[in-house]
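The values are calculated or read from the model by the stated rules, or taken from the named source; none is laboratory data. These numbers come from a predicted model, not from an experiment. Note that we place each Cβ from the backbone using ideal geometry, even for glycine, and neighbour counts take in every protein chain shown. Only protein heavy atoms, including side chains, enter the accessible area calculation; ligands, DNA and RNA are left aside. Shrake-Rupley method; radii C 1.70, N 1.55, O 1.52, S 1.80 Å.
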Amino acid sequence: MACMKLGSKPEAFRREGNTWFCANGLPCDIVIECGELSFQLHKFPLLSRSGVLEKLIAEASNNDGQSCILRLHDIPGGAKVFELIAKFCYGIKIELTSLNVVSLRCAAEHLQMTEEHGEGNLIFQTENFLNEIFGNWADSVKVLDMCEEVLQYAEELHIVSRCIDSLAMKACADPSLFSLSASGRTSMHSPGGTVLWNGIGTAAKPKHVSEDWWYEDVSFLSFPIYKRLIFAIELRGMKPENIAGSLMLYATRYLPLSRYSNISENVNRVIPGSAISAPSEANQRVLLEEIVELLPNQKGVAPTKFLLGLLRTAMILHASPSCRENLEKRVGAQLDQATLDDLLIPNMGYSVETFHDIDCVQRILDHYMSVDHAAAGSSPCIVDESQLEGSPSLTPITMVAKLVDEYLAEVASDVNLKFPKFQALAAVIPDYARPLNDGLYRAIDIYLKSHPWLTDSEREQLCRIMNCQKLSLEACTHAAQNERLPLRLIVQVLFFEQLRLRTSIAGWFFVSDNLENSQNSHGNLSLHKHEGSSQENPTHDQAVKIDDMKARVSELEKECSSMKEEIQKLGKTRSSWNIFARKFGFGLKSEPSKSKAPPPPKPSTQAPPVNEQQDQNGEMAN
């Protein structure tokens, strides 16, 4: 910490109770009352340094020889600062530091301690010391913090603005050019000192300094001054990400952003590392609204988790509607970065119906969909099973769709969740955004189970949101046995799954036939060319591929047979289902797969199965 000693005489002041005496052997002829303390001093040292004291002493002096009494209750800094000023007037050594220079500078201005009343007077000395401090980051932060005690005087003398400009310049400049953190957290020197053998020392190697090195130091400032500093830093071109990072740390220090934080526990608590107490609930509300306004408007400068934490706290503190709307729009713009745990916002409304705030999530989702995050796509008529089981690219809209399905499944068990709200939330996501509908099916199934009183019409409306073509085989099997679903939906599931299986089988037979023809037409030539060679026969790989395809066809046949058995079991409870099973071809007898695969069919024998497949497809379409 920077310091400067003024004066040359040794200490000559002593205190007895609430009274200070100057022990120089001469009787005191003036008493100055300042706050609860009184100072018994001499007129000449005071009037020779201060224009105000000179005038007051002249007005209060009389010729009766009694001591005059002056009252200086309005002096900046109070009795503690006047004690230092009195010592300075007597030429006694005082120490200027970053913690007392602001009060001394303001008090010196108040008492008119200019060069007209002595060379090297207190105004001159404190101004020189302030100019030195403005070149140092750590001391400048302390000076700016101490301006709070005499803010009105410090503003008139432009100490606050000069200090803010100095800090803003340093925050935007290369941090290796000056001393950094007031707390020492980002010290650039290596630990352990720099002294080498034989008393020779070298400068320490500078460490890499991250862009957030200044966040913590300025977070201890009062918010009005901190806000002015942020404006100054922003005007100097600081990146929005760094502005948001500093605001995040400040908000974390003074606001209860924890998911389960209790407002009453945060009021009047002491901030770690600072003498400042946490603001009251009303002040926290104002602080949160101010921080939200200060956040840069660019997307992604603040994590979605932090924004949702602010939104949750805004609801707890009953922040203004405009503040909450601002946060909802920010979250909606980057909803693809959110997690389910962050989105589970407790309902803070006065008329609580559901445990979670469904309306808030609906508004966030509407904000997200209002922005053109992805181009609309179309779903194919028939989706192959391999497409469903694959890993589709996670575009932002796909990630949001997955998040919404997880959220729907989480809140679906709430018996107070009304059908229109659940339906509206599920229908916001377009069909193209869901490559797989298993998550949506699970959420709908949970909702139907928790709300057995829904009418058949409501069940039909809810299930129309789901695309049966995009259900996996496991989901289709479950849906075929789910008595909570409308019968019409079960029919659609059976139809599309049967059509998907038949399409897959036809495709495998087509590929197998082409490979077989290729093997027959080029097999003799390949054998002739590689006869007597140590290399492997290229037809061997083709044969292996054909065997794999045959095995796959066999697996599909088994899956189809399994579905027949499941539907036949269900037919015992629902006799009408047997009609649909026979109509879709499940009643047809098929030979079980043999252990040894039959030889691949020739081109001339391939046509009948395909025609038969086409006839069956035509029957399902009718």
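To the nearest 0.05, how large is the calculated FRET efficiency for T114 and V286 if R₀ is 41 Å and r is the Cβ-Cβ distance? Approximately 0.50, to the nearest 0.05. With a Förster radius of 41 Å applied to the C-beta separation of T339 and Q40, the computed FRET efficiency comes to 0.05. Model label points for D359 and H158, set 7 angstrom from Cα along the Cα-to-Cβ axis, are 5.3 nm apart. Rounded, prolate or oblate: which fits the stretch 394-487, taking a ≥ b ≥ c as square roots of the Cα gyration tensor eigenvalues, rounded meaning a/c under 1.5, else prolate when a/b beats b/c? Oblate is the answer for the stretch 394-487, as a/c is 1.5 or above yet b/c matches or exceeds a/b. Between S320 and K299, the contour length at 0.36 nm per residue exceeds the Cα-Cα span by 5.3 nm.
Answer rounded, prolate or oblate for the stretch 308-363, using the Cα gyration tensor with square roots of eigenvalues a ≥ b ≥ c: rounded when a/c is under 1.5, else prolate when a/b is larger than b/c, else oblate. It is oblate, given that a/c is not under 1.5 and a/b is not larger than b/c. Assign one of three labels to the stretch 62-125, namely rounded, prolate or oblate, based on the Cα gyration tensor with a ≥ b ≥ c the square roots of its eigenvalues; rounded applies when a/c is under 1.5, prolate when it is not and a/b is larger than b/c, and oblate otherwise. Note, shape of the stretch 62-125 comes out prolate. Given a 1.4 Å probe and every protein chain left where it sits, what share in percent of the accessible area of the stretch 31-85 is carbon and sulfur? That share works out to 49 percent.
Packing, taken as the mean count of other beta carbons within 10 Å per residue, orders the peptides 28-38, 140-150, 98-108 from highest to lowest as 98-108, 140-150, 28-38. FRET efficiency for the pair E406 and R484, taken as 1/(1 + (r/R0)^6) with r the Cβ-Cβ distance and R0 = 22 Å, rounds to 0.60. Between L473 and Y432, the simple label model (points 7 Å from Cα in the Cβ direction) yields a spacing of 3.0 nm. Using 0.36 nm per residue and subtracting the Cα-Cα separation, the extra length available between E59 and S210 on full extension is 48.3 nm.
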